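Any read-out appearing in this document is the output of simple, stated calculations on the displayed coordinates, not a laboratory observation. Please read these numbers as outputs of a predicted model, since none were measured by experiment. All Cβ positions, glycine included, derive from the backbone under ideal geometry; neighbour counts span all protein chains shown.
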Amino acid sequence: MLWLLVLAATQAAAQQENSGNNGRTATEPERSLTVGIGSTAILDTYMSQEEYSGSELRIISRSDRRLKRHSAWHSSFTHSGQFAFASPRADNADYLYGLYTIDYALRHEWRLSEHWAIEAGGQVEGGVGFAYSTRNSNNPAQARVYLNIGPTAMATYRFPLFRRQMQLHYEVAAPLAGILFSPNYGQSYYEIFSRGDYDHNIVPTTPFCAPTLRHSLTLDIPFRRQALRIGYLGDCQQARVNSLKYHTYSHLFIIGYVKNL
């Protein structure tokens with residue numbers, strides 16, 4: 001009799017959880033598309049000693065799924081394209097910056113309670129982009145190519161509100177090792193590509209020379225089998241290699257949708 005009561009209670013709880021999600025279940029694969037708009041600060045001493053500040057637009061497409069139906073392992077595949085337009089304090093030049101990134105993450109989930117869950121694992125990320133200054137006649141452009149690996153984690157809090165099962169997510173990622181393309185101090189792209197003068201242009205990176213952090217806080221508001229996603233994305237990319245300094249600091253408001261597949 002005790003086992004029958006336990007089984008009945010478990011099934012009732014599962015039905016209540018599924019109905020509270022308004023058609024969305026955490027075990028189903030999902031796809032999201034979000035747009036981020038906000039401010040950015042960019043420094044690239046290969047092109048200028050001055051920091052440029054301006055606006056950024058970022059589009060993020062992501063797919064999440066479990067490796068198996070009842071597995072605790074989750075995978076995510078993310079594409080991101082960003083474009084920034086910035087100016088120095090004197091407002092006497094324009095700075096254009098673009099970057100495309102792709103990453104794959106694998107995380108293990110632990111259910112701490114009915115409301116709380118955490119995930120932790122690792123990810124690999126690659127990026128290719130450019131920077132261009134309308135002010136420079138010498139060194140007007142800079143290429144950006146990198147590959148990183150590092151840990152990633154996410155905490156999820158599920159709570160009922162207005163008869164809907166809301167989901168609050170906090171996600172963080174920080175690379176531990178990678179490689180980065182960079183000209184050396186005083187080296188031109190003509191020397192690298194036309195004359196073939198290699199000068200430590202493929203640089204290994206660690207948190208000591210390239211401390212980088214990306215984190216986000218988002219809220220999913222469900223409707224039917226979809227959800228509206230709103231939140232904040234902070235992205236701090238830094239490097240000090242070949243006697244040059246780079247950084248981009250982005251603070252974005254993001255909005256988009258999540259759809260169960």
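Here are several values of log10 I(q)/I(0) by the Debye sum over Cα atoms at q = 0.09, 0.16 Å⁻¹: (i) -0.45, -1.21; (ii) -0.50, -1.18; (iii) -0.42, -1.36. Which one was derived from the coordinates shown?
Among (i) -0.45, -1.21; (ii) -0.50, -1.18; (iii) -0.42, -1.36, the one calculated here is (ii).
With each run of n ≥ 4 DSSP H residues scored as -39500 (n - 2.57), what mean residue ellipticity at 222 nm is computed for the chain after dividing by its residue count and rounding to the nearest 500 deg cm²/dmol?
Helix contribution divided over all residues of the chain: -2500 deg cm²/dmol.
If I model a spin label at ASN139 and GLU114 as a point 7 Å from the Cα along the Cα→Cβ vector, what separation in nanometres do I get?
That separation, rounded to one decimal, is 6.1 nm.
Per-residue HN-Hα couplings for the range 46-57, Karplus 6.51 cos²θ - 1.76 cosθ + 1.60 at θ = phi - 60°, whole Hz, x for Gly and Pro?
Per-residue couplings from phi come out as 5, 9, 7, 7, 9, 7, 9, 10, x, 10, 9, 10 Hz.
Provide the gained length on full extension for the span ARG240 to TYR132, in nm with one decimal, where the gain is 0.36 nm per separating residue minus the Cα-Cα distance.
Between ARG240 and TYR132, full extension yields 36.9 nm more.
If the chain between HIS215 and VAL124 were fully stretched, how many nm would it gain, using 0.36 nm times the residue separation less the Cα-Cα distance?
Gain on extension, HIS215 to VAL124, equals 31.2 nm.
Can you compute the charge dipole magnitude of the chain about its Cα centre, using +1 on each Lys and Arg Cβ and -1 on each Asp and Glu Cβ, nothing else charged? Give it in debye, rounded to the nearest 20. Write down the numbers at each step before the final one.
Details: 24 positive and 21 negative charges, 215 e Å.
In total the dipole reaches around 1040 debye.
Just how large is the dipole of the range 82-235 about the Cα centre, in debye to the nearest 20, putting +1 at every Lys and Arg Cβ and -1 at every Asp and Glu Cβ? Write out the running numbers ahead of the final one.
Working: 13 positive and 13 negative charges, 146 e Å.
In debye, rounded to 20, the range 82-235 gives about 700.
So, in nm, how far is label LEU67 from label TYR100 when the simple model puts each one 7 Å beyond its Cα toward the Cβ?
3.0
Using modelled amide H (1.01 Å from N, peptide plane; none on Pro or chain starts), what sits under 5 Å from the amide H of GLY122, excluding residues fewer than 5 places away?
Correct list: LEU106, THR152.
Among the trypsin sites (Lys or Arg not before Pro) within the range 160-225, which fall in a DSSP loop and have no more than 11 other Cβ atoms within 10 Å of their own Cβ?
Passing both the DSSP loop test and the Cβ count: ARG163, ARG195, ARG224.
If you keep only loop residues by DSSP, which chymotrypsin sites (Phe, Trp or Tyr not before Pro) in the range 121-224 have at most 11 other Cβ atoms within 10 Å of their Cβ? Kindly include the intermediate steps, with their values, before the conclusion.
Numbers: sites: PHE130, TYR132, TYR146, TYR157, PHE162, TYR170, PHE181, TYR185, TYR189, TYR190, PHE193, TYR198, PHE208, PHE223; in loops: PHE162, TYR185, TYR198, PHE208.
Sparse-neighbourhood loop chymotrypsin sites (Phe, Trp or Tyr not before Pro): PHE162, TYR198, PHE208.
Could you calculate the contour length gain from ASN92 to HIS79, that is, 0.36 nm times the residue separation minus the distance between their Cα atoms, to one decimal place in nm? Provide the component values of the computation, followed by the final result.
On the way: separation 13, 0.36 × 13 = 4.68 nm, distance 3.36 nm.
Fully extending the segment from ASN92 to HIS79 adds 1.3 nm.
Name the residue from ALA153, HIS108, TYR46 whose Cα lies farthest towards the positive end of the charge dipole of the chain, charges +1 on Cβ of Lys and Arg and -1 on Cβ of Asp and Glu.
HIS108
Calculate, for TYR257 and LEU57, the FRET efficiency according to 1/(1 + (r/R0)^6) with r their C-beta to C-beta distance and R0 22 Å; round to the nearest 0.05.
Values: r = 18 Å, r/R0 = 0.80.
That gives a FRET efficiency of 0.80.
Compute the acute angle (0 to 90°) between the alpha-carbon long axis of helix 2-20 and the principal axis of greatest extent of the alpha-carbon atoms of the chain; round to the nearest 10°.
Once rounded, one gets 50 degrees.
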